[in-house]
Each structure stands twice: as C-alpha cells, then as structure tokens.
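Novice: The structure that follows is given in the form of structure tokens.
The values are calculated or read from the model by the stated rules, or taken from the named source; none is laboratory data. This one's a predicted model, so the numbers in the text were calculated from it and none came from an experiment. Cβ placement follows ideal geometry from the backbone for every residue including glycine, while neighbour counts extend to all protein chains displayed.
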Amino acid sequence: MSRYYLHYRFRLEEPMIISDGSQIGNVLTTRDFIPGSTMLGLCANLYLRKKGCQKIHRVPEFRDLFLSEKTIFSPAYPVAGGSGNCFPTPYSVFGCKYHGFNSPKPMGRTMHGISDCLCNPIPKICPEKSCGEPMEHKGGYCYFKGSIGPFTHEVSRRIITHNRVAHASKDKELFSFETLTEGQEFYGEISFSEEHLRDTLCDLLKENPVVKLGKARQRGYGRVEIYRPVKKDKTCREPWRDGVISGDGIFSLYLFSDAIVLNKALNYCSRIDKNVLGSVLDIDPGELEVYSYAEGDRYRSFWKTGILMGFNQKRQMPLPMECTISRGSVFTVHYKNGADISGKLETLMEKGLGIRRNEGFGQVIINLKTQKLKPCGEDEEDATS
C-alpha cells in the first residue's frame, strides 16, 4: 500500500460560512464545500494546542503533516440522504433547463433526468416528449446509490441578515452572510505517506469531536461535530472508477478538485494538454493526445477555468490570486504507445497533479463511472459489438 487513508464525516451544528472574501452587494457569499486548506488549518491548530508552539517548525512530524505533500487534505463534499457521498457534477453533464435533475424521490416534481455528453451529441432541446425546453450544463453535485445513479444534489444555503454589530444599532450597519444550512453532513479524507502520521491525526480528531470552522466563529457560526474517523486502505474516490484504460488507449481524466497547473515556463495553464500530462506521467508527450471540444470531433473534453482568491487573517491582506482549472472538468486522453501505464495512472490518482496538492488541489479520477468512452455519436450497441 503506497498511501494510507483516513476517512471522516462531520455534521453542521450551526450555520457555516466558508468564504474566499467575495461578496455580492452587502452579502458575503459562501462556498458549497469545505476546502482542503481549511481542514489542514484545523488539524494544524489542534496539533499546536496539544504539542505547543515552541520551535514547532523544526519538528519533523509537523513538517510532514502540514508543510509537505506527505500528507494530503482532500476537500470535504456534501453527503446526500445520509449515505450518498457526492462529487462535483462533470461539465460534460447536461439536462433540461427547468426540469433537468435526477432524484430517487422526486416528490411529485417533473423530472427529465440528466445525460453525460462526453461521448454523446448534446441535444439542443430536452429530448423528453412534449417538453422542448433548452438544454444546459448542470452544476451542483452527483452521487450514486449503490449501483443506481447518478442522482443530482444541491447544497442547502440560506442568507442570514444582521442589522447591528453592537448593542446600539446605527445607520448603514446592515450586512448579510450567505451560510451553509445547519444539519447537513460532509465527508472527506486525508491521505498519508506513512502510517504513524495517520495515527497522529486520527487521535487528534477523536480527541476533538466538536470544533469550529469558517468565518464568524465567535458569532454563532461554524460549530461542527466530527465523527466516524476511519482508517482505510483505499481512497474514497475508488468506487467511482470504471476500469483503468481501454484496449485502444482511450481514458478520461476527471478533476475531483480544482487544479493549479503550471507549465515549464511557470505560467498558469488553462487546460490539461499533452505536455502537462506527459510531464506528470513521465511519458513522451508525442505519445499522448488530449482532445479538445469541437463539433465533429471523435472525442472531446469539457473544462472551465477559475480564479482562486484568499485572505490572510493575521496580516489582514488579500492573498495573491491564482488561476485554476475548475473541479468537474473532464478530459479525454489517447495514449498511442499501447504499453501498460496503469501503474502510472494509479500514482496520478493517489498524488494528483499541479501545485498545492497537500491542500487538496489537483485530485483526479480516471474513467469516472458516469462516462462511457466511445466515439461521439456512436450507439452503445455499436461500441460494444
């Protein structure tokens, strides 16, 4: 076993604000997941409380846990229905603009489902009879219920308004927080290069089952209950894989989290190309082809770029912005050599790609189960014959 995993869940006991500092009007917005950097900061704080801060940067265990890629903190995503671990909806998934969702319990709502169009033509209108509404990319999250799915899931959020910051209200002091609604559950994992590192953090989380996360922690926000820290041999992403690589060398690469990727000139990359992937897999880029999206292509990819922002609370200064390839992006790759690279793909899934991987950036899944790789427009019966 090359890496050791610690899976955990937590429940929101209070509304939570996970913000990068952006706002709309006077409303401070929140993310719909908990970044790996937030979990890293929480565990580092718990470690310092227990061990003390005297010359802590010189302690090898502290460096291995929080300052290197020997320990990787994955983002924490929502749990649907108490049991369905969610993953970001791939950008290749489309559905009806008004009724494009899939649920095991639609509760009387009109449901037209979703479709992964990585290898299928994108319908211009909803294929459901008597609908005819336009199709659009579906955001949010997906999850499987056993072997059934994928189903769609949206994180519950609400806006809480404050009309004063002191006992005496004053003019122009109205402000609002967008929050993650209490009662929701999230799951995540931490992976380690050495077993004793896993034991250390497992003990810390068990000793501190109730913690505070996010912003405004002193104002009644961010209380969570951590439970079920379980030691595992495999990543929580393993059940969503569907094989490793096809006989003709085609596989898909799906970004489970945002990726910060630099090329050899140290410029930010807006997509994953053969040079980036060749460098990560230690393969000649000439033996790889990463397909782009274009009508008529035999294979294609879907991706989006984003801007990563942050704020240093101690110095009260914004952090430098970084360009990311957004989670949910999916790339179709052709390996032309024909040699077995399954071991290299396993390593890629374990360690990820790009920089800041210890904070959970650059995590991937090879051949996500929602995608059946075949030439675009080819019927499934033809592809299997």
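Novice: Only one of (1) on the phi > 0 side of the Ramachandran plot; (2) of a type in the set (S, T, N, Q); (3) in a strand (DSSP E or B) is not met by Thr161, so which one is it?
Specialist: Of everything listed in (1) on the phi > 0 side of the Ramachandran plot; (2) of a type in the set (S, T, N, Q); (3) in a strand (DSSP E or B), Thr161 misses just condition (1).
Novice: Determine which single condition Ile260 fails, assuming it passes every other condition in (1) modelled with pLDDT of 95 or more; (2) of a type outside the set (S, T, N, Q); (3) farther than 25 Å from Ile341 by Cα.
Specialist: The single condition Ile260 does not satisfy is (3).
Novice: Considering only residues that are surrounded by fewer than 12 Cβ atoms within 10 Å (Cβ to Cβ) and among the β-branched types (Val, Ile, Thr), look in the stretch 106-161 and name the one that is nearest to Ile34 (Cα to Cα).
Specialist: Ranking the qualifying residues of the stretch 106-161, first place goes to Thr161.
Novice: Can you pull out the residues in the stretch 217-255 that are of a type in the set (Gly, Ala, Ser), surrounded by 15 or more Cβ atoms within 10 Å (Cβ to Cβ) and within 24 Å of the chain's Cα centre (by Cα)?
Specialist: Hits for the stretch 217-255 are Gly222, Ser252.
Novice: Report, ordered by the first and then the second residue, all pairs with beta carbons closer than 7 Å, sequence separation of six or more or different chains, a first member in the stretch 229-247 that is farther than 15 Å from Lys369 by Cβ, and a second member that is assigned to a loop (DSSP other than H, G, I, E, B) and modelled with pLDDT under 75.
Specialist: Here the result reads Asp233/Met1, each pair linking the stretch 229-247 to a residue that is assigned to a loop (DSSP other than H, G, I, E, B) and modelled with pLDDT under 75.
Novice: Further question: Determine which member of the set Leu368, Leu308, Leu373 is modelled with pLDDT under 90, in the same structural domain as Tyr293 (by TED's automatic domain parsing), farther than 26 Å from Lys215 by Cα and under 15 Å from the mean Cα position of the chain (by Cα).
Specialist: Leu368
Quick grid of which residues meet (1) in a strand (DSSP E or B); (2) free of Cβ contacts under 8 Å to residues at least 12 places away in the same chain:
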site	(1), (2)
Ser68	no, no
Pro78	yes, no
Pro106	no, yes
Arg109	no, yes
His112	no, no
Cys119	no, no
Cys131	no, no
Cys142	yes, no
Thr152	yes, no
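Here's the yes/no breakdown for (1) in a loop (DSSP other than H, G, I, E, B); (2) buried (at least 18 other Cβ atoms within 10 Å of the Cβ); (3) modelled with pLDDT of 90 or more; (4) assigned by TED's automatic domain parsing to the domain that holds Val211:
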position	(1), (2), (3), (4)
Gly21	yes, no, no, yes
Asn45	no, no, yes, yes
Gln54	yes, no, no, yes
Glu61	no, no, yes, yes
Leu65	no, yes, yes, yes
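Novice: On to the next question. So, Tyr187, is that one at pLDDT below 90 and assigned to a strand (DSSP E or B) or not?
Specialist: no
Novice: A further question on this structure: In the stretch 312-362, which residue that is in contact with a helix residue (DSSP H, G or I) (Cβ under 9 Å, 6 or more places away or on another chain) and of a type in the set (Val, Ile, Thr) is surrounded by the fewest Cβ atoms within 10 Å (Cβ to Cβ)?
Specialist: Only one residue fits best here, namely Thr347.
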